[in-house]
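Computed from the coordinates by the stated procedures, all read-outs in this text should not be read as laboratory data. This structure is a prediction, so every number in the text was calculated from the model and none was measured. Because the Cβ atoms are built from the backbone with ideal geometry, glycine has one as well, and the counts that use them run over all protein chains shown.
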Amino acid sequence: MLSLRYSILFFLVTANCSLLSDILSAFETSTDCTSCHATLLPALQTGAQQGDTVFVSTLTTVCQTLKLADDDVCVGEFERVGPILAHSLRALDTTGPTATQLCDAAFGLCQPLPVNPFTVTFPEPAPAQPKKFVSRGRPPIKVVHFSDVHIDRQYTVGADANCTKNICCRDFADHMGPVTEPAGPFGNPACDTPVNLAESMLSAIAGGGFGEPQFAIFTGDVVSGDTWIVDKSEAAKDLVDWNAAMLSGLQIPVYPTLGHDSAPVNSFPRNTTRTNETSQWVFDIEQVGWEPWIGRSGAEQQDHTSGSYATVVPGTNLRIVSINTQYWYKEKPFSCLRDSRDPNGILSFVVDQLQSAEDLGQRAWLVGHIPPGKADIIHDQSNYYNQIVQRYINTVAAQFFGHSHKDQFEIAYSDFSNQTASSADSIVFIGPALTPTSGNPAFKIYDVDPDTFEVMDAKVFITNISDPHFQVEPCPATWKLYYSARDSYGPLVGPLAPTDPLNASFWHQLTDVFEANDTAFQLFNTRISRGGAVSACNGDCKTTTICDMRAARAENNCDFITPGTQLKREVRTERSVHGGCESGGISTLLRGAIPRR
């Protein structure tokens with residue numbers, strides 16, 4: 001089948017040699033935002049205007065000619081996402097702001113645009129005397145947080161973990177030579193999660209060895225990183241199977257959120273997009289799969305609100321507001337959002353839910369996939385989202401996200417121009433990943449005050465893939481406490497009273513400690529990957545990392561692009577991870593076509 005595809009591609013490209021030459025030249029000479037507007041986008045737009053087939057075949061040949069990936073990866077990636085990019089290009093004013101967004105998202109050649117000013121309106125002003133949520137010192141409840149499972153159901157024990165693709169440990173047809181690193185039964189750093197590893201995590205959580213959690217939150221990403229292969233059928237089966245695994249493996253409610261799990265990856269078209277693409281099938285699957293936990297009304301709400309829902313945890317005064325953040329993702333794929341301040345009404349949904357929570361005297365947790373301060377979330381929507389958080393700051397007890405694959409946090413402030421412990425007012429907890437591509441597989445358990453629903457402690461549990469017993473069957477991977485944030489970081493900040501939460505003020509004070517105490521910062525840097533994929537971080541890296549901790553609003557992070565350098569996503573100032581479904585697709589290939597300077 002691939003050889004037939006290659007023959008067709010060769011014929012199409014041969015018939016359009018001039019176009020191929022122009023696009024290759026445009027990539028070669030594009031060094032900054034100006035040249036992206038003046039040279040690269042017009043060349044690509046010319047190709048898009050000749051139709052999807054010509055456009056896809058030409059970019060596939062660019063990918064293969066420049067050896068940006070294996071031939072089959074080039075074919076698969078551009079077959080899936082090329083038509084979406086072509087659709088955007090055909091309607092694009094190559095000199096306008098949406099073109100700047102595209103040059104940023106697709107090629108890394110422009111900095112993000114300044115925020116498009118907009119003031120969110122609210123149904124009611126903040127109450128003059130907001131309800132006080134006071135801890136009575138009762139024993140905390142436990143809540144599990146796991147994320148970015150990326151289960152590879154084609155993972156093959158004994159297959160080579162040393163390969164040239166985004167993920168390995170499969171019997172790829174083009175693999176040549178002997179196996180040099182056989183895949184073990186429980187995973188490998190070059191591969192996504194085998195079913196055995198996922199089952200061991202669920203068993204560890206359900207086993208009671210870490211206490212009896214009341215419920216769990218899952219912050220998205222199910223499908224493995226084979227973005228050049230995955231289709232709707234595979235993605236749908238992966239979602240169904242993972243819902244079934246959580247339901248059977250955990251005897252507690254799970255409150256999930258959506259990750260990048262569509263086909264093509266990240267394809268969540270806006271309601272205003274004129275295309276035949278739709279992600280409604282994803283919402284339909286989750287309506288059925290999530291109903292046992294969020295109830296019929298929550299499941300129907302999710303199905304009709306583009307993947308977002310809200311529900312109150314039974315027996316508590318806590319409202320979970322689960323947000324589909326994919327509509328704010330700048331690489332979604334390359335769908336510029338300046339035509340809509342609130343794509344698919346997600347922001348309005350959050351406002352409505354937090355107003356209801358305030359009216360009823362409830363606390364709320366905001367749960368989503370992409371953290372609001374990351375470099376790959378659109379600044380406009382991040383800014384508007386932060387306005388909502390600040391308006392309902394008395395209601396929002398905490399926020400929980402995934403996506404980065406790292407054990408991290410972000411802080412929001414009442415005044416981002418005056419970042420202090422007193423202005424720090426909301427904390428974003430970012431869950432580490434299960435997939436071994438980003439370090440040791442991990443999950444968190446929070447100790448949560450049952451009166452305020454603030455986090456009192458965050459404990460990280462890992463299984464160590466470098467342990468000599470890790471791959472020994474039939475015993476499952478062993479999960480152990482890695483560290484307690486309260487026990488480890490509390491003494492660095494200062495004495496904590498028993499009822500003192502790990503709130504935004506606490507985490508800001510910890511960033512002050514990191515600035516002054518390099519030993520403490522390096523401990524945090526090791527823990528980002530749970531000791532499994534540690535990268536040196538000093539000087540500018542340390543400064544940027546601390547800046548990003550203080551940036552639960554994307555416009556305030558320090559992840560800048562330097563024009564004229566290799567602009568693949570993995571060498572942005574913020575260090576990214578290998579292997580997540582969002583890191584290996586067409587954007588990485590397009591940025592790889594920009595030559596080193």
Practice prompt. Based on other C-beta atoms within 10 Å, arrange ASP152, ASP93 from fewest to most.
Written response: ASP93, ASP152
Fill in: Value of relative contact order over segment 146-283, rounded to a whole percent, pairs C-alpha under 8 Å and six or more apart
24 percent
Item to complete: Among PHE514, PHE122, rank each residue by its count of other Cβ atoms within 10 Å, from fewest to most, as a rough exposure measure.
Response: PHE122, PHE514
Worksheet, complete the sentence: Here the FRET efficiency for HIS175 versus SER484, based on Cβ atoms and R0 = 35 Å and rounded to 0.05, is 0.20
Worksheet item: Which residue, chosen from GLY431, PRO450, SER466, occupies the Cα position most advanced towards the positive end of the dipole of segment 415-469, where the dipole is computed from +1 (Lys, Arg) and -1 (Asp, Glu) charges on Cβ about the Cα centre?
Response: SER466
Fill in: Inter-label distance, nm, simple model (7 Å from Cα along the C-beta direction), SER422/GLU300
5.0 nm
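Just the projected area, averaged over all directions, of the convex hull on the alpha carbon atoms of the chain: how many nm²? Before the final figure, lay out the partial values.
Working: hull surface 103.0 nm².
Mean orientational projected area (the chain, Cα hull): 25.7 nm².
Mean residue ellipticity at 222 nm from the helices of the chain, using -39,500 (n - 2.57) per DSSP H segment of n ≥ 4 over the full residue count, to the nearest 500 deg cm²/dmol?
Numbers: 16 runs with 212 residues, N = 597.
One gets -11500 deg cm²/dmol as the mean residue ellipticity at 222 nm.
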Discussion item. If the reach is capped at under 12 angstrom between alpha carbons, list the aspartates and glutamates near LYS142, excluding any in the same chain fewer than eight residues apart.
Written reply: GLU212, ASP447, ASP449, GLU454, ASP457
Worksheet entry | Linear extension gain, ASN538 paired with ASP284, 0.36 nm per residue minus alpha-carbon span | 86.8 nm
Worksheet item: Among SER135, THR156, GLY211, whose Cα lies farthest out toward the positive end of the dipole of the chain, if unit charges sit on the beta carbon of Lys, Arg (+1) and Asp, Glu (-1)?
Response: SER135
Worksheet item: Quick one: if the Förster radius is 35 Å, what FRET efficiency do ASN271 and GLU124 give, using the C-beta to C-beta distance and rounding to 0.05?
Response: 0.85
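How big is the charge dipole of segment 420-471 about its Cα centre, in debye rounded to the nearest 20, if each Lys and Arg gets +1 on its Cβ and each Asp and Glu gets -1 on its Cβ?
Details: 2 positive and 7 negative charges, 69 e Å.
The calculated dipole for segment 420-471 is roughly 340 debye.
With +1 on each Lys and Arg Cβ and -1 on each Asp and Glu Cβ, and nothing else charged, work out how big the dipole of the chain is about its Cα centre, in Debye to the nearest 20. Before the final figure, lay out each step's value.
Details: 42 positive and 65 negative charges, 126 e Å.
Around 600 debye, computed over the chain.
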Worksheet, complete the sentence: Relative contact order in percent for segment 2-95 (Cα pairs under 8 Å, 6+ apart) equals 32 percent
Worksheet, complete the sentence: What one gets for segment 2-95 as the Kirkwood radius, inverse of mean 1/r over different Cα pairs in Å, is 13.3 Å
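I'd like to compare 544-551, 395-402: which one has the highest average count of other Cβ atoms within 10 Å, and what's the full order after that?
Numbers: 544-551: 21.1, 395-402: 26.2.
The most tightly packed comes first, giving 395-402, 544-551.
Please state the relative contact order of the chain as a whole percent: Cα pairs under 8 Å, 6+ residues apart?
17 percent
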Practice prompt. Round to the nearest 0.05 the FRET efficiency obtained for GLN522 and THR65 when R0 = 51 Å and r is the Cβ-Cβ distance.
Written response: 0.75
Response to the item:
Rounded to one decimal in nm, the spacing of the 7 Å Cα→Cβ label points at GLU515 and ASN162 is 4.6 nm
Item to complete: Counting other beta carbons within 10 Å of each Cβ, put VAL350, VAL312 in order, fewest first.
Response: VAL312, VAL350
Fill in: Approximate spin-label separation VAL115-ASP93, in nm, with each point projected 7 Å along Cα-to-Cβ
2.4 nm
Worksheet item: Which of ALA398, THR98, SER529 sits closest to the plus end of the dipole of the chain, meaning its Cα is farthest towards the positive end, when Lys and Arg get +1 and Asp and Glu get -1 on the C-beta?
Response: ALA398
